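The values are calculated or read from the model by the stated rules, or taken from the named source; none is laboratory data. The structure presented is a predicted model; accordingly, all values stated were derived computationally and were not measured. Virtual Cβ from ideal backbone geometry, glycine too; neighbours counted across all protein chains shown. Note: areas computed on protein heavy atoms with side chains; ligands, DNA, RNA excluded. Shrake-Rupley method; radii C 1.70, N 1.55, O 1.52, S 1.80 Å.
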Amino acid sequence: MKPVSQTLWTWEEAARATGARSDGIWQANGVSIDSRTINRGDLFVALEGPTFDGHDFVAEAMDKGAVAAMVTRRPGDVAGDANLLVVEDTLAGLQSLGRAARARSRARVMAVTGSVGKTSVKEAMRLALSAQAKTAANEGSLNNHWGLPLSLARLPRDAQYAVFEIGMNHAGEITPLSRLARPHIAVITSVEAVHKAHFTSIEEIADAKAEIFAGVEPGGVAILNRDNDQFSRLSSAAGAAGINTVIPFGRHPDAGVRVLEEVIGSSGSTVVAQVAGETIECQLSVPGKHWVLNTLCILATVAAAGADVRAAARTLSRFEPPKRRGQRFIIGVGTGAFTLIDDSYNASPSSMLAAFDVLGRTKPGSTGRRIAVLGDMLELDDPEERHRGLSEPLQQNGIDLVFTAGASMIHLFDALPSDMRGGHAPDAATLATLVVACAHSGDVIAVKGSAGSRMSVVVDALKALDRGLSAGSIDTRTAS
(Lines give C-alpha, C1' and ligand atoms only; values in the text may rest on other atoms or scores of the structure.)
Protein backbone atom coordinates (compact mmCIF):
# COMPACT_ATOMS: atom_id res chain seq x y z
CA MET A 1 0.00 0.00 0.00
CA LYS A 2 1.35 3.43 -0.95
CA PRO A 3 2.24 5.49 2.16
CA VAL A 4 0.14 8.55 2.86
CA SER A 5 2.08 11.78 2.23
CA GLN A 6 2.65 13.83 5.35
CA THR A 7 1.79 17.50 5.22
CA LEU A 8 5.05 19.41 5.47
CA TRP A 9 3.69 22.97 5.37
CA THR A 10 0.23 24.48 5.63
CA TRP A 11 -0.30 27.93 4.16
CA GLU A 12 -0.71 29.34 7.69
CA GLU A 13 2.58 27.86 8.94
CA ALA A 14 4.51 28.98 5.87
CA ALA A 15 3.05 32.50 6.04
CA ARG A 16 3.83 32.77 9.74
CA ALA A 17 7.39 31.46 9.26
CA THR A 18 8.21 33.86 6.43
CA GLY A 19 6.08 36.89 7.34
CA ALA A 20 4.46 36.51 3.92
CA ARG A 21 1.03 37.22 2.50
CA SER A 22 -0.67 34.04 1.34
CA ASP A 23 -3.00 34.26 -1.63
CA GLY A 24 -4.95 31.04 -1.27
CA ILE A 25 -5.40 28.15 1.15
CA TRP A 26 -3.16 25.14 0.58
CA GLN A 27 -0.90 22.53 2.13
CA ALA A 28 2.38 21.25 0.72
CA ASN A 29 4.07 17.86 1.01
CA GLY A 30 7.47 19.11 -0.15
CA VAL A 31 9.57 22.13 -1.15
CA SER A 32 11.32 22.62 -4.49
CA ILE A 33 13.41 25.27 -6.23
CA ASP A 34 13.62 23.48 -9.60
CA SER A 35 10.60 23.28 -11.90
CA ARG A 36 12.26 20.46 -13.84
CA THR A 37 12.14 18.08 -10.87
CA ILE A 38 9.05 19.37 -9.09
CA ASN A 39 6.79 16.81 -7.41
CA ARG A 40 3.03 17.06 -7.25
CA GLY A 41 2.11 18.73 -3.97
CA ASP A 42 5.34 20.78 -3.64
CA LEU A 43 5.72 24.41 -2.66
CA PHE A 44 7.84 25.99 -5.41
CA VAL A 45 10.29 28.71 -4.31
CA ALA A 46 11.14 31.16 -7.12
CA LEU A 47 14.77 31.97 -6.32
CA GLU A 48 16.53 34.71 -8.24
CA GLY A 49 20.18 34.49 -9.27
CA PRO A 50 22.67 36.31 -11.49
CA THR A 51 21.72 34.25 -14.57
CA PHE A 52 18.18 33.04 -13.81
CA ASP A 53 14.89 34.10 -12.28
CA GLY A 54 12.66 31.43 -10.78
CA HIS A 55 9.62 33.61 -11.46
CA ASP A 56 9.99 32.63 -15.12
CA PHE A 57 9.21 29.03 -14.17
CA VAL A 58 6.33 29.44 -11.74
CA ALA A 59 3.68 28.66 -14.36
CA GLU A 60 5.57 25.52 -15.40
CA ALA A 61 5.85 24.43 -11.76
CA MET A 62 2.12 24.95 -11.26
CA ASP A 63 1.33 22.96 -14.42
CA LYS A 64 3.41 20.08 -13.05
CA GLY A 65 1.48 19.99 -9.77
CA ALA A 66 3.00 22.55 -7.40
CA VAL A 67 0.30 23.57 -4.92
CA ALA A 68 1.75 27.04 -4.34
CA ALA A 69 4.73 29.26 -5.15
CA MET A 70 6.82 31.56 -2.99
CA VAL A 71 7.35 34.74 -5.03
CA THR A 72 8.17 38.43 -4.70
CA ARG A 73 5.62 39.33 -7.38
CA ARG A 74 2.90 37.68 -9.42
CA PRO A 75 4.34 36.49 -12.77
CA GLY A 76 2.28 37.58 -15.78
CA ASP A 77 1.70 34.05 -17.07
CA VAL A 78 0.36 32.68 -13.77
CA ALA A 79 -3.38 32.18 -13.33
CA GLY A 80 -5.20 34.75 -11.23
CA ASP A 81 -6.40 32.13 -8.74
CA ALA A 82 -2.95 30.56 -8.23
CA ASN A 83 -1.81 29.97 -4.65
CA LEU A 84 1.05 32.39 -3.97
CA LEU A 85 3.15 33.10 -0.91
CA VAL A 86 4.35 36.66 -1.43
CA VAL A 87 7.61 37.69 0.30
CA GLU A 88 10.09 40.54 -0.07
CA ASP A 89 12.99 38.20 -0.90
CA THR A 90 12.59 34.52 -1.83
CA LEU A 91 16.03 33.42 -0.56
CA ALA A 92 15.34 35.07 2.80
CA GLY A 93 11.92 33.43 2.72
CA LEU A 94 13.47 30.01 2.10
CA GLN A 95 15.91 30.60 4.97
CA SER A 96 13.02 31.53 7.26
CA LEU A 97 11.18 28.38 6.23
CA GLY A 98 14.27 26.31 7.04
CA ARG A 99 14.70 28.08 10.37
CA ALA A 100 11.09 27.34 11.32
CA ALA A 101 11.43 23.68 10.30
CA ARG A 102 14.52 23.33 12.47
CA ALA A 103 12.77 25.03 15.41
CA ARG A 104 9.82 22.62 15.36
CA SER A 105 11.97 19.50 14.85
CA ARG A 106 12.89 17.11 17.64
CA ALA A 107 15.49 15.38 15.49
CA ARG A 108 19.04 14.80 16.63
CA VAL A 109 20.88 17.03 14.12
CA MET A 110 24.36 16.39 12.74
CA ALA A 111 26.31 18.84 10.55
CA VAL A 112 29.22 17.58 8.44
CA THR A 113 31.98 19.61 6.80
CA GLY A 114 35.58 19.02 5.78
CA SER A 115 37.96 19.33 2.86
CA VAL A 116 37.27 15.81 1.56
CA GLY A 117 34.65 13.12 2.04
CA LYS A 118 31.70 15.30 3.12
CA THR A 119 29.07 13.88 0.79
CA SER A 120 30.19 10.26 1.06
CA VAL A 121 30.29 10.43 4.87
CA LYS A 122 26.90 12.16 4.95
CA GLU A 123 25.34 9.52 2.72
CA ALA A 124 26.84 6.68 4.78
CA MET A 125 25.51 8.30 7.96
CA ARG A 126 22.10 8.61 6.34
CA LEU A 127 22.15 4.89 5.46
CA ALA A 128 23.32 3.79 8.91
CA LEU A 129 20.78 5.88 10.81
CA SER A 130 17.86 5.33 8.42
CA ALA A 131 17.94 1.63 9.28
CA GLN A 132 17.18 2.59 12.89
CA ALA A 133 14.79 5.55 12.66
CA LYS A 134 13.43 8.15 10.24
CA THR A 135 16.41 10.15 9.01
CA ALA A 136 16.62 13.25 6.83
CA ALA A 137 19.64 14.54 4.91
CA ASN A 138 20.59 16.91 2.08
CA GLU A 139 19.98 15.48 -1.36
CA GLY A 140 23.21 15.29 -3.34
CA SER A 141 25.41 18.27 -2.53
CA LEU A 142 22.74 20.78 -1.49
CA ASN A 143 25.16 22.21 1.05
CA ASN A 144 25.47 25.94 0.30
CA HIS A 145 23.62 29.18 1.12
CA TRP A 146 20.47 28.02 -0.66
CA GLY A 147 20.94 24.23 -0.57
CA LEU A 148 21.06 23.99 3.23
CA PRO A 149 17.95 26.11 3.92
CA LEU A 150 16.13 24.09 1.24
CA SER A 151 17.19 20.87 2.97
CA LEU A 152 16.03 22.22 6.32
CA ALA A 153 12.71 23.34 4.84
CA ARG A 154 12.20 19.75 3.68
CA LEU A 155 12.91 18.31 7.16
CA PRO A 156 9.99 15.98 7.99
CA ARG A 157 8.10 16.77 11.18
CA ASP A 158 8.70 13.29 12.60
CA ALA A 159 12.38 12.78 11.66
CA GLN A 160 14.43 11.45 14.55
CA TYR A 161 17.81 12.08 12.95
CA ALA A 162 18.99 14.68 10.43
CA VAL A 163 22.38 14.79 8.72
CA PHE A 164 23.29 18.01 6.92
CA GLU A 165 26.42 18.52 4.85
CA ILE A 166 27.80 22.08 4.86
CA GLY A 167 30.28 23.28 2.23
CA MET A 168 32.32 26.41 1.64
CA ASN A 169 34.82 28.07 -0.69
CA HIS A 170 35.58 31.18 1.35
CA ALA A 171 35.87 32.19 5.00
CA GLY A 172 32.63 33.30 6.60
CA GLU A 173 30.34 31.01 4.60
CA ILE A 174 29.84 28.24 7.16
CA THR A 175 28.97 30.39 10.21
CA PRO A 176 25.47 31.46 9.07
CA LEU A 177 24.71 27.95 7.83
CA SER A 178 25.72 26.38 11.13
CA ARG A 179 23.55 28.86 13.01
CA LEU A 180 20.67 27.96 10.72
CA ALA A 181 21.12 24.20 11.20
CA ARG A 182 21.83 24.40 14.96
CA PRO A 183 23.47 20.96 15.08
CA HIS A 184 23.81 18.85 18.19
CA ILE A 185 26.88 17.21 16.64
CA ALA A 186 29.46 19.00 14.45
CA VAL A 187 31.71 16.81 12.30
CA ILE A 188 34.90 17.84 10.46
CA THR A 189 36.14 14.96 8.31
CA SER A 190 39.55 16.48 7.54
CA VAL A 191 41.34 19.71 6.68
CA GLU A 192 43.42 19.61 3.51
CA ALA A 193 44.94 21.98 0.95
CA VAL A 194 41.65 22.49 -0.88
CA HIS A 195 40.43 25.92 -2.04
CA LYS A 196 43.92 27.22 -1.24
CA ALA A 197 43.47 29.84 -3.96
CA HIS A 198 41.14 31.62 -1.53
CA PHE A 199 43.31 31.20 1.58
CA THR A 200 46.89 32.05 2.49
CA SER A 201 47.50 28.98 4.67
CA ILE A 202 46.13 25.60 5.74
CA GLU A 203 45.46 27.17 9.15
CA GLU A 204 43.05 29.62 7.52
CA ILE A 205 41.22 26.69 5.94
CA ALA A 206 40.99 25.03 9.37
CA ASP A 207 39.56 28.22 10.86
CA ALA A 208 36.96 28.37 8.10
CA LYS A 209 35.95 24.76 8.74
CA ALA A 210 35.81 25.47 12.48
CA GLU A 211 32.98 27.93 11.80
CA ILE A 212 30.73 24.87 11.97
CA PHE A 213 30.99 25.14 15.76
CA ALA A 214 29.23 28.53 15.71
CA GLY A 215 25.72 27.09 15.75
CA VAL A 216 26.20 24.01 17.89
CA GLU A 217 23.49 23.59 20.50
CA PRO A 218 24.40 23.78 24.23
CA GLY A 219 25.80 20.44 25.37
CA GLY A 220 26.81 19.62 21.78
CA VAL A 221 29.64 17.43 20.55
CA ALA A 222 32.50 17.88 18.05
CA ILE A 223 33.77 14.88 16.04
CA LEU A 224 37.33 15.51 14.79
CA ASN A 225 40.01 13.64 12.85
CA ARG A 226 42.82 12.96 15.34
CA ASP A 227 45.24 12.05 12.55
CA ASN A 228 44.88 15.43 10.87
CA ASP A 229 47.60 18.03 11.41
CA GLN A 230 44.96 20.62 12.31
CA PHE A 231 43.40 18.58 15.13
CA SER A 232 44.73 20.73 17.98
CA ARG A 233 43.64 23.94 16.27
CA LEU A 234 40.15 22.56 15.63
CA SER A 235 39.84 21.16 19.14
CA SER A 236 40.78 24.55 20.61
CA ALA A 237 38.23 26.25 18.36
CA ALA A 238 35.55 23.84 19.55
CA GLY A 239 36.37 24.68 23.16
CA ALA A 240 36.31 28.40 22.43
CA ALA A 241 32.82 27.93 20.98
CA GLY A 242 31.64 26.36 24.25
CA ILE A 243 31.80 22.73 23.15
CA ASN A 244 33.06 20.65 26.05
CA THR A 245 32.93 17.23 24.41
CA VAL A 246 35.35 16.47 21.58
CA ILE A 247 35.50 12.92 20.21
CA PRO A 248 38.67 12.28 18.17
CA PHE A 249 38.71 9.46 15.61
CA GLY A 250 41.61 7.92 13.72
CA ARG A 251 44.62 5.64 13.89
CA HIS A 252 46.31 7.85 16.50
CA PRO A 253 46.70 6.11 19.90
CA ASP A 254 44.91 9.02 21.60
CA ALA A 255 41.84 8.77 19.38
CA GLY A 256 38.66 8.03 21.31
CA VAL A 257 37.31 6.07 18.35
CA ARG A 258 40.36 4.18 17.13
CA VAL A 259 41.38 1.52 14.63
CA LEU A 260 42.40 -1.75 16.27
CA GLU A 261 42.73 -3.78 13.05
CA GLU A 262 42.30 -3.03 9.36
CA VAL A 263 42.47 -5.21 6.29
CA ILE A 264 42.23 -3.18 3.08
CA GLY A 265 41.20 -5.11 -0.03
CA SER A 266 40.68 -4.27 -3.69
CA SER A 267 36.90 -4.10 -3.40
CA GLY A 268 36.36 -3.43 0.29
CA SER A 269 37.89 -3.52 3.75
CA THR A 270 37.47 -4.95 7.22
CA VAL A 271 37.77 -2.50 10.10
CA VAL A 272 37.88 -3.40 13.77
CA ALA A 273 37.49 -0.31 15.93
CA GLN A 274 37.19 0.74 19.54
CA VAL A 275 34.05 2.83 19.97
CA ALA A 276 32.91 4.03 23.38
CA GLY A 277 34.83 1.22 25.08
CA GLU A 278 33.41 -1.49 22.80
CA THR A 279 35.09 -3.44 20.01
CA ILE A 280 33.12 -3.06 16.78
CA GLU A 281 33.80 -4.89 13.51
CA CYS A 282 32.66 -3.41 10.21
CA GLN A 283 32.81 -5.01 6.76
CA LEU A 284 32.95 -2.36 4.03
CA SER A 285 32.01 -2.88 0.39
CA VAL A 286 33.85 0.30 -0.69
CA PRO A 287 37.64 0.17 -1.25
CA GLY A 288 40.38 2.51 -0.10
CA LYS A 289 42.25 3.18 3.11
CA HIS A 290 40.52 6.58 3.34
CA TRP A 291 37.31 4.66 4.00
CA VAL A 292 38.79 3.31 7.21
CA LEU A 293 38.86 6.85 8.62
CA ASN A 294 35.46 7.63 7.11
CA THR A 295 34.05 4.60 8.92
CA LEU A 296 35.52 5.70 12.25
CA CYS A 297 34.02 9.16 11.74
CA ILE A 298 30.59 7.66 11.04
CA LEU A 299 30.67 5.29 14.01
CA ALA A 300 31.80 8.10 16.32
CA THR A 301 28.89 10.25 15.14
CA VAL A 302 26.38 7.42 15.48
CA ALA A 303 27.56 6.84 19.05
CA ALA A 304 27.30 10.56 19.86
CA ALA A 305 23.78 10.57 18.45
CA GLY A 306 22.76 7.82 20.85
CA ALA A 307 22.03 5.30 18.10
CA ASP A 308 23.00 1.61 17.98
CA VAL A 309 26.64 1.49 16.86
CA ARG A 310 26.76 -2.26 16.20
CA ALA A 311 23.64 -2.07 14.06
CA ALA A 312 25.15 0.88 12.19
CA ALA A 313 28.33 -1.11 11.51
CA ARG A 314 26.27 -3.94 10.03
CA THR A 315 24.30 -1.53 7.86
CA LEU A 316 27.47 0.10 6.48
CA SER A 317 28.31 -3.15 4.69
CA ARG A 318 25.55 -2.22 2.21
CA PHE A 319 26.91 1.24 1.47
CA GLU A 320 27.70 2.12 -2.15
CA PRO A 321 29.57 5.26 -3.24
CA PRO A 322 27.44 8.24 -4.32
CA LYS A 323 27.30 9.16 -7.99
CA ARG A 324 30.73 9.97 -9.51
CA ARG A 325 32.50 9.39 -6.18
CA GLY A 326 34.14 6.03 -6.77
CA GLN A 327 31.34 4.17 -8.52
CA ARG A 328 32.44 1.05 -10.41
CA PHE A 329 31.12 -0.17 -13.75
CA ILE A 330 31.93 -3.20 -15.89
CA ILE A 331 32.07 -2.00 -19.51
CA GLY A 332 31.74 -4.66 -22.18
CA VAL A 333 34.13 -4.38 -25.14
CA GLY A 334 34.47 -7.01 -27.84
CA THR A 335 34.39 -10.39 -26.13
CA GLY A 336 35.57 -9.07 -22.77
CA ALA A 337 35.22 -6.07 -20.48
CA PHE A 338 37.13 -3.47 -18.51
CA THR A 339 36.46 -1.91 -15.10
CA LEU A 340 35.63 1.80 -14.96
CA ILE A 341 36.03 3.69 -11.67
CA ASP A 342 34.10 6.95 -11.87
CA ASP A 343 35.58 9.40 -9.35
CA SER A 344 34.97 12.44 -11.55
CA TYR A 345 32.94 14.59 -9.15
CA ASN A 346 35.87 16.49 -7.65
CA ALA A 347 39.57 16.36 -6.85
CA SER A 348 42.25 17.65 -4.50
CA PRO A 349 45.81 16.49 -3.81
CA SER A 350 44.68 14.30 -0.90
CA SER A 351 41.73 12.77 -2.75
CA MET A 352 43.97 12.08 -5.75
CA LEU A 353 46.27 10.05 -3.49
CA ALA A 354 43.27 8.10 -2.19
CA ALA A 355 42.16 7.40 -5.77
CA PHE A 356 45.64 6.18 -6.74
CA ASP A 357 45.63 3.84 -3.73
CA VAL A 358 42.29 2.34 -4.82
CA LEU A 359 43.45 1.95 -8.42
CA GLY A 360 46.72 0.39 -7.29
CA ARG A 361 44.89 -2.20 -5.20
CA THR A 362 42.57 -3.16 -8.05
CA LYS A 363 43.90 -6.10 -10.09
CA PRO A 364 43.56 -5.81 -13.88
CA GLY A 365 42.62 -8.72 -16.10
CA SER A 366 45.26 -10.99 -17.60
CA THR A 367 46.06 -8.57 -20.43
CA GLY A 368 44.88 -5.40 -18.70
CA ARG A 369 46.54 -2.28 -17.33
CA ARG A 370 45.88 0.18 -14.54
CA ILE A 371 45.04 3.47 -16.25
CA ALA A 372 44.56 6.85 -14.56
CA VAL A 373 42.66 9.55 -16.48
CA LEU A 374 43.12 12.86 -14.69
CA GLY A 375 41.77 16.39 -15.07
CA ASP A 376 42.96 19.62 -13.48
CA MET A 377 42.68 20.13 -9.73
CA LEU A 378 41.29 23.64 -9.33
CA GLU A 379 41.54 26.36 -6.65
CA LEU A 380 45.09 25.42 -5.59
CA ASP A 381 47.73 27.83 -4.34
CA ASP A 382 50.59 26.35 -6.41
CA PRO A 383 48.96 24.39 -9.24
CA GLU A 384 52.16 23.64 -11.15
CA GLU A 385 53.91 22.02 -8.19
CA ARG A 386 50.75 20.32 -6.87
CA HIS A 387 50.15 18.63 -10.21
CA ARG A 388 53.77 17.71 -10.84
CA GLY A 389 53.90 16.16 -7.37
CA LEU A 390 51.38 13.48 -8.37
CA SER A 391 53.97 11.70 -10.54
CA GLU A 392 55.71 9.82 -7.74
CA PRO A 393 52.51 8.51 -6.05
CA LEU A 394 51.26 7.25 -9.42
CA GLN A 395 54.49 5.30 -9.87
CA GLN A 396 54.42 4.00 -6.29
CA ASN A 397 50.91 2.59 -6.81
CA GLY A 398 51.87 0.69 -9.94
CA ILE A 399 49.82 2.73 -12.40
CA ASP A 400 50.72 1.66 -15.94
CA LEU A 401 49.38 4.51 -18.04
CA VAL A 402 48.27 8.10 -17.35
CA PHE A 403 46.10 10.36 -19.51
CA THR A 404 45.77 14.02 -18.54
CA ALA A 405 43.63 17.00 -19.52
CA GLY A 406 43.96 20.70 -18.75
CA ALA A 407 46.43 23.54 -18.44
CA SER A 408 47.69 22.39 -15.02
CA MET A 409 47.81 18.65 -15.69
CA ILE A 410 50.39 19.18 -18.43
CA HIS A 411 52.91 19.64 -15.61
CA LEU A 412 52.14 16.15 -14.33
CA PHE A 413 52.27 14.72 -17.85
CA ASP A 414 55.72 16.20 -18.43
CA ALA A 415 56.95 14.85 -15.06
CA LEU A 416 55.92 11.26 -15.80
CA PRO A 417 58.32 8.63 -17.16
CA SER A 418 57.83 8.39 -20.91
CA ASP A 419 56.41 4.85 -20.77
CA MET A 420 53.57 6.04 -18.47
CA ARG A 421 52.42 8.85 -20.76
CA GLY A 422 49.17 7.80 -22.38
CA GLY A 423 48.31 11.19 -23.80
CA HIS A 424 47.47 14.79 -22.96
CA ALA A 425 44.74 17.10 -24.27
CA PRO A 426 43.70 20.67 -23.49
CA ASP A 427 40.24 19.57 -22.29
CA ALA A 428 38.26 16.50 -21.25
CA ALA A 429 36.23 16.26 -24.46
CA THR A 430 39.38 16.01 -26.58
CA LEU A 431 41.01 13.59 -24.15
CA ALA A 432 37.96 11.31 -24.22
CA THR A 433 38.73 10.34 -27.82
CA LEU A 434 42.28 9.28 -26.87
CA VAL A 435 41.14 7.25 -23.85
CA VAL A 436 38.34 5.49 -25.73
CA ALA A 437 40.77 4.48 -28.47
CA CYS A 438 43.16 3.02 -25.88
CA ALA A 439 40.73 1.11 -23.64
CA HIS A 440 40.59 -2.64 -24.00
CA SER A 441 39.49 -5.77 -22.19
CA GLY A 442 41.07 -6.36 -18.79
CA ASP A 443 41.92 -2.71 -18.09
CA VAL A 444 41.03 -0.89 -14.90
CA ILE A 445 40.42 2.78 -15.75
CA ALA A 446 40.00 5.41 -13.03
CA VAL A 447 38.75 8.89 -14.00
CA LYS A 448 39.21 11.85 -11.64
CA GLY A 449 39.36 15.64 -11.71
CA SER A 450 37.81 18.75 -10.21
CA ALA A 451 34.20 19.38 -11.19
CA GLY A 452 35.26 22.30 -13.37
CA SER A 453 37.51 20.05 -15.43
CA ARG A 454 34.40 18.14 -16.61
CA MET A 455 35.98 14.69 -16.52
CA SER A 456 32.51 13.18 -16.48
CA VAL A 457 32.68 13.63 -20.27
CA VAL A 458 35.39 10.95 -20.37
CA VAL A 459 33.31 8.68 -18.13
CA ASP A 460 30.29 9.02 -20.39
CA ALA A 461 32.40 8.29 -23.49
CA LEU A 462 33.76 5.11 -21.89
CA LYS A 463 30.29 4.02 -20.81
CA ALA A 464 29.12 4.41 -24.40
CA LEU A 465 31.47 1.55 -25.35
CA ASP A 466 29.42 -0.91 -23.31
CA ARG A 467 28.27 -3.89 -25.38
CA GLY A 468 25.82 -5.05 -22.72
CA LEU A 469 27.54 -8.41 -22.23
CA SER A 470 25.91 -11.03 -20.08
CA ALA A 471 27.51 -11.67 -16.70
CA GLY A 472 28.83 -15.06 -17.85
CA SER A 473 30.82 -13.53 -20.72
CA ILE A 474 32.66 -10.94 -18.64
CA ASP A 475 36.21 -11.53 -17.43
CA THR A 476 35.46 -11.07 -13.70
CA ARG A 477 39.14 -10.54 -12.95
CA THR A 478 38.64 -6.95 -14.09
CA ALA A 479 36.24 -6.42 -11.19
CA SER A 480 38.48 -7.82 -8.48
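Return a whole-number percent for the relative contact order of the stretch 97-217, with Cα pairs under 8 Å and 6 or more residues apart as the contact set.
Answer for the stretch 97-217 is 35 percent.
Could you tell me how many degrees, from 0 to 90 and to the nearest 10, lie between the Cα long axis of helix 349-361 and the main elongation axis, the longest principal axis, of the Cα atoms of the chain?
50
So what is the calculated 222 nm ellipticity per residue for the chain, using -39500 (n - 2.57) for each DSSP H run with n of 4 or more, over all residues, to the nearest 500 deg cm²/dmol?
The helix contribution divided over the chain gives -9000 deg cm²/dmol.
Which order do Thr279, Thr135, Thr51, Thr362 take by accessible area at a 1.4 Å probe, largest first?
Putting Thr279, Thr135, Thr51, Thr362 in descending order of accessible area: Thr51, Thr279, Thr135, Thr362.
For the stretch 206-260, just the Cα set please: Rg and Dmax, both in angstrom.
Radius of gyration, then largest Cα-Cα span, for the stretch 206-260: 11.0, 33 Å.
Distance in nm between label sites at Val263 and Arg40, each 7 Å beyond Cα in the beta-carbon direction?
5.1
Using alpha carbon centroids, what distance separates the stretch 368-429 and the stretch 134-213, in Å?
31
Between Arg251 and Thr430, what's the calculated FRET efficiency when r is the beta-carbon distance and R0 is 41 Å? Round to 0.05. Don't jump to the answer; show the numbers that get you there.
On the way: r = 42 Å, r/R0 = 1.01.
It comes out at approximately 0.50.
From the Cα trace of the stretch 106-197, what convex hull volume per residue do you get, rounded to a whole Å³?
85
Using only the Cα atoms of the chain, each taken as one equal point scatterer with no solvent, compute I(q) by the Debye sum, divide by I(0), and report log10 of the ratio at q = 0.07 Å⁻¹.
-0.41
Quick one: length gained pulling Asp53 to Ser201 fully straight, 0.36 nm per residue minus the C-alpha distance? Each step should come with its number before you reach the end.
Values: separation 148, 0.36 × 148 = 53.28 nm, distance 3.71 nm.
Net length gain for the segment: 49.6 nm.
Over all directions, what mean area does the Cα convex hull of the stretch 175-226 project, stated in square nanometres?
For the stretch 175-226, the mean projected area of the Cα convex hull comes to 3.8 nm².
How high is the relative contact order of the chain, in percent, with contacts defined as C-alpha pairs under 8 Å that are six or more residues apart?
Dividing the mean separation by the residue count of the chain yields 10 percent.
Can you pull a Stokes-Einstein diffusion coefficient for the stretch 1-129 at 4 °C (1.567 mPa s), Rh from Kirkwood over Cα pairs, as a whole number of µm²/s?
Answer, rounded: 81 µm²/s.
Wrap a convex hull around the Cα atoms of the stretch 240-374, take a quarter of its surface area, and give that in square nanometres.
Its Cα hull, projected and averaged over all orientations, spans 10.5 nm².
With every atom except the alpha carbons ignored, what do you get for Rg and Dmax of the stretch 146-281, in angstroms?
16.3, 44
May I ask you to compute the full-extension gain from Thr72 to Glu320, defined as 0.36 nm times their residue separation minus their alpha-carbon distance, rounded to one decimal in nm?
85.1 nm
Please calculate the 1.4 Å probe accessible area of Arg314, with all protein chains present, and give it to the nearest 10 Å².
For Arg314, the solvent-accessible surface is approximately 150 Å².
With r defined as the distance between the Cβ atoms of Ala133 and Asp414 and R0 fixed at 35 Å, what FRET efficiency is calculated, to the nearest 0.05?
On the way: r = 54 Å, r/R0 = 1.53.
Result of the calculation: an efficiency of 0.05.
What percent antiparallel are the DSSP beta bridges of the chain, to the nearest 5? Write out the running numbers ahead of the final one.
Values: 26 of 77 bridges.
Antiparallel bridges: around 35 percent, rounded to the nearest 5.
Once label points are set 7 Å from the Cα along Cα→Cβ at both Arg157 and Ser285, what is their separation, rounded to one decimal in nm?
3.5
For Leu465 and Ser141, what is the calculated FRET efficiency with R₀ set at 30 Å and r taken between the beta-carbons, to the nearest 0.05?
According to the calculation, E is roughly 0.60.
If you roll a 1.4 Å probe over the heavy atoms of the protein chains, what accessible area per residue do you get for the chain, in Å²?
It amounts to 41 Å² per residue over the chain.
In this model, which of Lys209/Lys448; Lys363/Lys463; Lys64/Lys448 are farther than 31 Å apart at the alpha-carbon?
Lys64/Lys448
What is the dipole size for the chain, taken about its Cα centre, with +1 at each Lys and Arg Cβ and -1 at each Asp and Glu Cβ, in debye to the nearest 20?
1400
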